[in-house]
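Data first, discussion second: the structure below is written as structure tokens.
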Amino acid sequence: MALERTPLDLLDDRLHAALAGTPHVRVEPQSAHIGALIQGLDLTRALSEADVETVHAALLRWKVVFFRDQPLTHEQHIRFARHFGELTLGHPVFGHVDGHPELYSIAKHRKANRHTGEAERRPWTGWHADVTAAHNPPAASILRGVTIPPYGGDTQWTNLAAAYSALSEPLRNFIDTLRGEHRFSPPQGAQASDEYRELVQRNTLVSEHPLVTVHPETGEKVLYISPGFLKTLRGLRTRESRVLLEFLWEHSVSSEFTVRFKWEPGSIAFWDNRSTAHVAPQDIFALDFDRQLYRATLVGAVPVGADGRASVALEGDPMLAAHGAAY
């Protein structure tokens, strides 16, 4: 009797078929569960349909894909991203690049005026998926390195589908039923600045998402536990929620599920925001070097849980395409 094929088996099949049609493209895995380097494409030019399918298939299989030596302009960055869907505004709370509403500036000191005080450092501190406070968080993000320090400043990603699969069956069955509240707030231990409070109040986003979602393209179950946004689990007592979340956060950022990327000028990271979390580097603040990247995000759908229930918007509007025509 033939064994039932898993979602990963099907994703491997799709990627192999795509690569057969694009022999000039190479996809090189970077760790056991997540991350692949794609070579053989010039992203300064428009891609063919076959090239787009190969990149998309690699993204679904490896969750985050990387490119080197791609010195894109803002316009080329936006054009590349549009191969894969509609683009959101740069950031629904913190704005966008002047003249390019689809881009958000990831500058070294962009958070300097947001918080005061010492944030508590724990293994999952800083890990997040992008803007999960929104009813329809971005489907994917595309980050481009421009000014990169000669050392330090690496970014890490974790595979939240692999993290879910590694849990015991009884625990998976339990968390499949849970839902959590996601919102913007300062890191634990820090205090919000007046500027931060004003921006968040002016653009309030609060959503209830399933703790376990079903990926809309791969069918994988995903541990949807964005530590930077997920504040509490509904229906549980305060201590129950805190202890369970801290266990799941610590589990999900275990090194076995992660990949670490060393940036270079012209590097690009393209990740599936529906199945990963990532963490920005903190070591850059111990260095005198500048660091500047730019991000585009793709409009996402409302997540659906393992129990078939969709996310609920508690406050705020969905994330629209930059031209306002989506959703």
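The values are calculated or read from the model by the stated rules, or taken from the named source; none is laboratory data. For clarity, every value in this text was computed on a predicted model and none was experimentally measured. All Cβ positions, even for glycine, are placed from backbone atoms using ideal geometry, and neighbour counts span all protein chains on display. For the accessible areas, the whole protein counts, side chains as well, though only heavy atoms, and no ligand, DNA or RNA atoms are used. Shrake-Rupley method; radii C 1.70, N 1.55, O 1.52, S 1.80 Å.
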Largest first, please: the extent of the C-alpha atoms of segment 199-327 along each principal axis, to the nearest Å. 46, 40, 35
Give me the tail of P(r) for segment 1-97 as a percent: Cα-Cα pairs with distance above 24 Å. 30
Under a 1.4 angstrom probe, counting protein chains only, how are Thr147, Thr213 ranked by accessible area, largest first? Thr147, Thr213
Between Asp69 and Val243, 0.36 nm times their residue separation minus their Cα-Cα distance comes to what? 58.3 nm
Equivalent ellipsoid dimensions for segment 54-105 as semi-axes, Å, which come from the Cα gyration tensor, largest first: 22, 14, 10
Expected unfolding gain across Asp98-Glu120 under the 0.36 nm per residue rule, minus the alpha-carbon gap, is 4.5 nm
Inter-label distance, nm, simple model (7 Å from Cα along the C-beta direction), Asp307/Asn203: 3.2
Highest first, please rank the peptides 53-64, 254-265, 295-306 by the mean number of other Cβ atoms sitting within 10 Å of their residues. 53-64, 295-306, 254-265
Where only protein heavy atoms count, and the probe is 1.4 Å, what is the accessible area per residue for the chain in Å²? 45
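How large is the Kirkwood hydrodynamic radius of the chain, in angstrom, based on all distinct alpha carbon pairs?
20.2
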Carbon and sulfur atoms: what percent of the 1.4 Å accessible area of the chain do they account for? 51
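Which FRET efficiency value, to the nearest 0.05, is calculated for Leu3 and Glu28 with the Förster distance at 30 angstrom and r the Cβ-Cβ distance? Provide the component values of the computation, followed by the final result.
On the way: r = 28 Å, r/R0 = 0.92.
FRET efficiency, Leu3 to Glu28: 0.60.
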